[in-house]
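Working notes, structure below.
Every read-out reported here was derived from the displayed coordinates using simple, explicitly stated rules and does not represent laboratory data. Since we're looking at a predicted model, the values are computed, not measured. Here the Cβ is made from the backbone with ideal geometry for all residues, glycine too, and neighbour counts use every protein chain on show.
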């Protein structure tokens, strides 16, 4: 549960939120992603008050990497991204290039169920390269990844910021946030505090 | 992306997944055919009885196993997938329609195969002109049952024992479909009109389609 949280992410900014397990990090991310509604207070995302008519448009501009990969295990990596591209109305010709960028061009025909966690994460990064979100939300996205995959996440955050978008990155590990973000806050017991 | 393109994409991917895991073809259909075989074996050589109960057994097994076919998508749905679909701008109503399209394709294949099995094993007494009615009723039940199960899957999203709960929702609500289908063939035997029963099937299918599309978004927001 979150209490009295006030957080603004300005265009071009990447905000990090660190906190222990159960502190409300995922709740914060899902609220920012418009996937949870709040009981009190207000949430404004990309200039919208999230009225039902605006929700689909706002959501299309949000990119989320959560705890668990969201791939369909029975589809190949290429097919997973092709599906994402088709649903979001983006050219499917971007898929091959995105897989190439994340270093999975040779594994594009492999089913997701046969891939490691790190490979699935790379596919999710490729997905965000295709859909180009304006608000990037990363929930422990760098956990369990090797250095090259972490560099891809750095690049992803950089590309969103350079487009004038904002990023919210949460992690239990504060050291993961310092290089990636412009300021770091601490979340404890559902309250946000500035880290000195 | 338009509503229909989204719906067709959902249906396409659903059928690709089904082709690869083969739940309907490799698990549910063989079990249903085995269940169909149990009745003639249990009734021995009383061919008259076997022939009389043929269509009744067909409808019972079609509903029972058809529910498993129809509920298969919601059983494998995850919160991460639904979140992703929301953030891609997928219209929940398009997801409902897409799932119904793929489900109906599978369900019609499943039920028609079961129907052929019933004909071979039971040699049922079907009145003159009854076969076209039986086929139409089978298709109407396939559509209605798929809509109902897809809707039940949406209602029970996020619940731990959702498959059981969804089955409990589907079973009683499928009654108009069972009654409409069985009575349409019965009416032919009695030389009574079949129109009311066919209309009941069509009205049920339409009502479920309208409910599924209208409730898709509120249900998605309520079940997060």
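Per-structure values
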quantity: Theoretical FRET efficiency, 1/(1+(r/R0)^6), r = Cβ-Cβ of residue A:172 and residue A:44, R0 35 Å, to 0.05; calculated: 0.80
quantity: For segment B:10-135, alpha-carbon Rg and Dmax in angstrom; calculated: 17.9, 60
quantity: Cβ-Cβ FRET estimate between residue B:202 and residue A:1, R0 fixed at 45 Å, reported to 0.05; calculated: 0.40
quantity: Antiparallel DSSP beta bridges within the protein assembly as shown, as percent of all bridges there, nearest 5; calculated: 25
quantity: Likely footprinting exposure, A:74, B:189, fewest C-beta neighbours within 10 Å first; calculated: B:189, A:74
quantity: Per-selection Kirkwood Rh - the protein assembly as shown (Cα, Å, 1 d.p.); calculated: 23.8
quantity: Debye equation applied to the C-alpha atoms of segment B:3-222, log10 I(q)/I(0) at 0.15 Å⁻¹; calculated: -0.95
quantity: Spatial extent of segment B:96-224: Rg and Dmax, with the Cα atoms as the point set, Å; calculated: 16.2, 52
quantity: Residue B:214 versus residue B:47: modelled label distance in nm, points set 7 Å from Cα along the beta carbon direction; calculated: 5.2
quantity: Approximate shape of chain A as ellipsoid semi-axes (Cα gyration tensor, √5λ), whole Å, largest first; calculated: 28, 19, 15
quantity: Gain in span if fully extended, residue B:21 to residue B:179, counting 0.36 nm per residue against the direct Cα distance; calculated: 53.6 nm
quantity: Virtual spin-label span in nm between residue B:112 and residue B:224, 7 Å along Cα→Cβ; calculated: 4.1
quantity: Percent of Cα pairs exceeding the 12 Å cut-off, where the set is segment B:111-165; calculated: 73
quantity: Among beta bridges that DSSP assigns inside chain A, antiparallel share in %, nearest 5; calculated: 25
quantity: Over chain B: helical MRE at 222 nm, DSSP H runs n ≥ 4 each giving -39500 (n - 2.57), nearest 500; calculated: -28000 deg cm²/dmol
